Amino acid sequence: MAFECQESTEISKNLANYSESNHSSYNSAPENLETSKPSLDFNPKKGISSFYGSKQLPPNDVFTNARRSITDLPPALVSEILNCLDPKELGIISCVSTILHNIASEHHVWKEFYCERWGLPVASGLLGAGASDEKSWKKLFVERDFRSKTFLGRCSIDVLYGHTEAVRTVFLLASAKLIFTAGYDSVVRMWDMEEGLSIASSRPLGCTIRAVAADTKLLVAGGTDGFIHCWKAVESLKHLFDLKGVEKQNKEFRLWEHEGPITSLALDLTRIYSGSWDMTVRVWDRSSLKCTQVLRHGDWVWSLVPHDTTVVSTSGSDVFLWETNTGTLLNVIHNAHVGNTYALARSRTGDFLFTGGEDGAIHMFEIISGSDESSVVQVATWIPHSGAVYSLAFEFPWLVSASSDGKLALIDVRKLLRASKRTLGKSVSRDNDIDQRNIEPPQRMLHGFGCNLFSVGIGADRIVCGGEEGVVRIWNFSEALEIEQRARALRGIRLESRMRRRRLQIEMNNKGGRTDQCSVAAKKKTVNGDRNGVWHSKRSISSKVKT
């Protein structure tokens with residue numbers, strides 16, 4: 001993600017004029033090249049602009065004074081330097097001094113760090129009145145990054161009953177706290193994520209439902225009949241969608257152009273994407289509800305995942321990268337897996353792609369977009385399962401896979417992902433020869449299922465999965481978050497008490513120039529006492545008399 005300096009043109013002109021004036025003054029007045037100590041008026045509360053107040057440095061000091069810091073640079077240049085850092089490095093910079101702490105904490109890049117990983121916060125009231133204050137974005141980023149570590153902690157398992165046959169697909173809509181499930185019983189069910197209760201279910205649609213996707217405006221489901229069943233959101237409903245048709249507002253409709261079963265669905269702001277066993281991926285316009293592009297493949301389409309103006313699809317064992325506006329094929333990964341490639345997931349920035357296949361392996365690729373074409377480079381490979389990988393889900397930094405062996409694998413890809421496109425020298429290795437010894441294995445495996453897990457979703461401190469058992473399981477990690485928050489608060493209290501005791505001790509030592517009374521008493525009365533004293537000699541004499 002590139003960052004543009006709003007004052008780049010103006011700053012460059014000022015720097016040019018500044019260098020010319022310095023050069024002329026340097027040639028005309030060499031006798032002024034005496035070293036002098038400049039007086040800098042720093043005011044951290046005023047931000048970066050405070051470094052350049054009324055007290056300006058003489059131009060000749062640029063050449064004579066070698067003891068300068070980063071804060072002496074122009075604000076636009078400091079901003080560009082900080083843009084090249086990742087969150088960890090920016091946090092380290094903020095610990096150097098008070099001035100750099102204020103600069104790093106108030107920097108606008110924290111908002112972009114947050115959006116790169118998790119997108120904009122859905123709740124409008126999350127930032128409140130201070131939505132324009134970048135310090136609040138840093139706080140949001142730190143809290144969300146802290147929450148991402150809870151998937152290694154304690155969890156509880158909720159089991160949702162309602163389907164009469166196997167569950168083929170699950171979809172977690174975290175922004176509305178809803179879960180959608182469907183399967184062989186041809187019914188789409190909507191669940192409350194917090195309570196784990198069934199809210200509503202659709203009428204039987206007459207076919208196996210293999211794919212479900214939703215946002216706050218539209219719900220789509222596709223099955224073996226080739227139809228895309230759609231429900232528009234009802235503003236008056238708390239849970240958005242009227243699956244039962246009680247409101248009778250003509251919110252339900254169908255799309256049909258596929259000639260085979262629909263296996264995958266996805267939504268973005270303007271389009272609907274559908275993949276089918278008729279070997280095509282169709283792109284639909286959400287406003288006109290008409291098909292705008294048909295992307296043809298040579299085998300059954302198993303999965304797809306869009307991002308911006310591109311979409312990645314799997315057909316047979318190959319993976320295809322398409323441009324959706326023109327329908328141009330940008331790249332192909334041949335034989336990505338041994339057997340069919342069933343599952344796809346993509347990072348929020350679209351730079352990284354994850355695939356899962358019939359061989360039980362999970363591959364990670366980097367998509368490098370160029371001016372003419374896009375290249376794809378393999379980054380890592382994991383083989384955590386003994387069966388086929390049917391589904392993948394990604395939320396930074398966790399990649400979750402569901403397999404036919406009845407297990408879920410959690411993989412932390414934080415170290416493999418680039419923190420930012422702007423980070424210099426921190427991109428992953430683009431060599432074809434990858435040292436698998438440096439790739440960390442899955443950090444956690446979740447067991448306790450029967451065989452054949454068909455679908456998985458992740459979000460809001462939860463992992464949702466469904467399979468052949470006909471039940472939906474929710475792994476709730478919010479309890480781990482609460483435990484860690486309490487432990488963090490206790491550590492803060494202990495640290496504060498320790499610092500308070502230390503301050504009191506220092507005050508007592510420095511008060512009136514007197515030493516600590518306890519230490520003086522300890523010197524007068526040693527622990528073992530004076531063995532040569534009168535009491536010990538009398539005791540020894542009495543013991544000899546008794547003997």
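The values are calculated or read from the model by the stated rules, or taken from the named source; none is laboratory data. Values in this document were obtained by computation on a predicted structure and should not be read as measured data. Note that we place each Cβ from the backbone using ideal geometry, even for glycine, and neighbour counts take in every protein chain shown. Note: areas computed on protein heavy atoms with side chains; ligands, DNA, RNA excluded. Shrake-Rupley method; radii C 1.70, N 1.55, O 1.52, S 1.80 Å.
Given 5 Å bins starting at zero, what is the percent of C-alpha pairs of region 171-218 in each, up to the one with the largest pair distance?
For region 171-218, the pair-distance distribution reads 5, 22, 31, 24, 15, 4, 0.
From the P(r) of region 303-375, can you give the percent of Cα pairs sitting at distances over 21 Å?
Across region 303-375, Cα pairs with separations above 21 Å total 19 percent.
From largest accessible area down, sort MET499, MET445; use a 1.4 Å probe on the protein chains.
The ranking, largest first, comes out as MET499, MET445.
How large is the Kirkwood hydrodynamic radius of region 214-255, in angstrom, based on all distinct alpha carbon pairs?
Averaging 1/r across every pair of different Cα atoms and inverting gives 10.7 Å.
What does the charge add up to near LEU408, with Lys and Arg as +1, Asp and Glu as -1, over the other residues with Cβ less than 13 Å from its Cβ?
+3
Could you derive backbone 3J(HN,Hα) for region 169-175 from the dihedral phi with the Karplus parameters 6.51, -1.76 and 1.60 (θ = phi - 60°), listing whole Hz in sequence and x where the residue is Gly or Pro?
Taking θ as phi minus 60°, the curve returns 8, 10, 9, 9, 9, 5, 5 Hz for region 169-175.
Using the Cα centre as the reference, give the magnitude of the dipole from point charges on the C-beta atoms of region 164-302 (Lys, Arg: +1; Asp, Glu: -1; all else neutral), rounded to the nearest 20 debye.
Its charge dipole is roughly 280 debye.
Given the peptides 101-113, 72-84, arrange them by the average over their residues of other C-beta atoms within 10 Å, most packed first.
Listed from highest to lowest mean packing, they are 101-113, 72-84.
Under 5 Å between amide hydrogens, which residues at least 5 positions from ALA166 or on another chain qualify, with H placed 1.01 Å from N in the peptide plane?
When sequence neighbours closer than 5 places are left aside, the close amide H contacts are TYR184.
So if R0 is 25 Å, what FRET efficiency would THR216 and ASP308 give, r being the distance between their Cβ atoms, rounded to the nearest 0.05?
Working from the Cβ atoms, E equals 0.80.
Rounded to the nearest 0.05, what FRET efficiency do LEU289 and LEU152 give with R0 = 51 Å and r taken as the Cβ-Cβ distance? Could you check?
0.70
Express the accessible area of region 252-348 per residue in Å², computed with a 1.4 Å probe while the remaining protein chains stay in the model.
Counting only protein heavy atoms, the per-residue value for region 252-348 is 42 Å².
Could the peptides 204-212, 183-191, 149-157 be put in order, highest first, of the mean number of other beta-carbon atoms found within 10 Å of their residues?
Highest-to-lowest ranking by the protection proxy: 183-191, 204-212, 149-157.
Show me 288-299, 405-416 ranked by packing, highest mean number of other Cβ atoms within 10 Å first.
405-416, 288-299
Starting from the Cα gyration tensor of region 158-248, take the square roots of the eigenvalues, sort them a ≥ b ≥ c, and report rounded, prolate or oblate (rounded when a/c is under 1.5, otherwise prolate if a/b is larger than b/c, else oblate).
It comes out oblate by the Cα gyration axes.
When the C-alpha atoms of region 186-330 are aligned to their principal axes, what extent does each axis show, in angstrom, from largest down?
44, 29, 27
What are the residues whose amide H is under 5 Å from the amide H of ASN331, where those residues sit 5 or more places off or on another chain and H is modelled from the backbone?
LEU321
Would you mind checking which residues have amide H under 5 Å from ARG271's amide H? H placed 1.01 Å from N; only 5 or more apart, or other chain.
Residues meeting the amide H criterion: ARG286.
Quick one: accessible area per residue over region 162-208, 1.4 Å probe, rounded to a whole number of Å²?
The answer is 37 Å² per residue.
Report the net charge of residues surrounding SER315, where surrounding means a beta-carbon distance below 11 angstrom and charges are Lys +1, Arg +1, Asp -1, Glu -1.
-1
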